[in-house]
Amino acid sequence: MSGTALEQHKVTSAGVPGDDASMDGVHVDVQRLRDAVATQIYGKDVPILRVIATLIGEGHLLIEDVPGVGKTSMAVAVAGAIGGSFHRIQFTSDLLPSDVIGVPIYLQSEDRFQFKRGPVFANVVLADEINRTTPKTQSAMLEAMQDARVSIDGEVHDLPAPFMVIATQNPIEHHGTYALPESQLDRFMMRIRIGYPAPEFEGDILRAQDELRYGAGPELAVSLERLIEIQRCVPAVRVDDDLVRYILSIAQATRSHDEIELGVSTRGAQMMYRALQAWALCNGRTYVVPDDVKDLIHPVFDHRLILRSSYHSTLTHSDAEDAASVLLDRITEEIEVPS
């Protein structure tokens, strides 16, 4: 990378450090975050790291997994580790947009309207079973996820900072659900699965279930103010120009692939860039390496691909679940990895 390009990555305004030495404290605090969440979610180092990377990358997370593997616990643990406010929204078919973002209430004694904030006003919002509500209510989350604000009756209301949506959905049960539109899926930085714990960790969970259920939760790892400072450090992580071209080559290949109807959008490429910076920071580095792309390509890109129906028809149900991953692997095999 040239000196000019390097300086563009070393952001020094708004209190953002631009040298490696000033990042040392960030690495320590990120490790504290990981350790705090790990006290509540056993044996899931990679999913925890992806959640933390999404958090410090100022993204939103979709956890797609079966019931009972710790999706809600993950969201609660993240909120507790940063000392942030936490609201859980149980999405159902009769939920209204006003139940999510809030509604103006008329105060007769004062002859005026007062905005009553909805549960989306929190640092961490758990959108539980988000695919069980109607598209109209799902769309109430779009502005919040994109701009960290909501608009109602011509007034704009800013959401608290930091702000993160952790949404969940069950990939197995589809009765009474509404598929998330592409515009909403595209606003999630990552889609992950937690999976069942290994037997040795599942035994620990059984023995500690009362402590996990009734305990005080994770210790405070970083304050909200410190988390915002860490988020501002993310743009300082260096991404070589060759890696940028590599990311764009993959995105462009998905758009022209015969078996993919809708490929990775420009927003998706932006999400990958930001996720890579946050991932590198989580791993104690101030620069991105090609292996980071390998680590994140599936959680960042898989859910953005819409496959052609003709390709889906050739797959069994189990194969269709991983079809996007298989196609992405084929695409990346054909693109030269930067040295």
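Side notes on the structure shown:
- Failed criterion for Ile297 (all others in (1) modelled with pLDDT of 90 or more; (2) exposed (fewer than 14 other Cβ atoms within 10 Å of the Cβ); (3) within 21 Å of the chain's Cα centre (by Cα) hold): (2)
- When Val264 is tested against (1) crowded, with 19+ Cβ neighbours inside 10 Å; (2) under 30 Å from Ser85 (Cβ atoms), just one condition goes unmet, and that condition is (2).
- Of all residues in region 55-63, none satisfies being touching a strand residue (DSSP E or B) at 6+ places or on another chain (Cβ under 9 Å), in a helix (DSSP H, G or I), farther than 28 Å from His298 by Cβ and not basic (Lys, Arg).
- Pairs where the first residue, in region 313-339, is of a type in the set (S, T, N, Q) and the second is at pLDDT 90 or above, C-beta under 7 Å, 6+ apart: Ser325/His298; Ser325/Asp302; Thr332/Ile250; Thr332/Ile297
- Selection over region 154-182 of residues that are buried (at least 20 other Cβ atoms within 10 Å of the Cβ) and part of a strand (DSSP E or B) gives a count of 6.
The values are calculated or read from the model by the stated rules, or taken from the named source; none is laboratory data. The structure displayed is predicted, hence computed values, not measured ones. We place every Cβ from the backbone using ideal geometry, glycine too, and count neighbours over all the protein chains shown.
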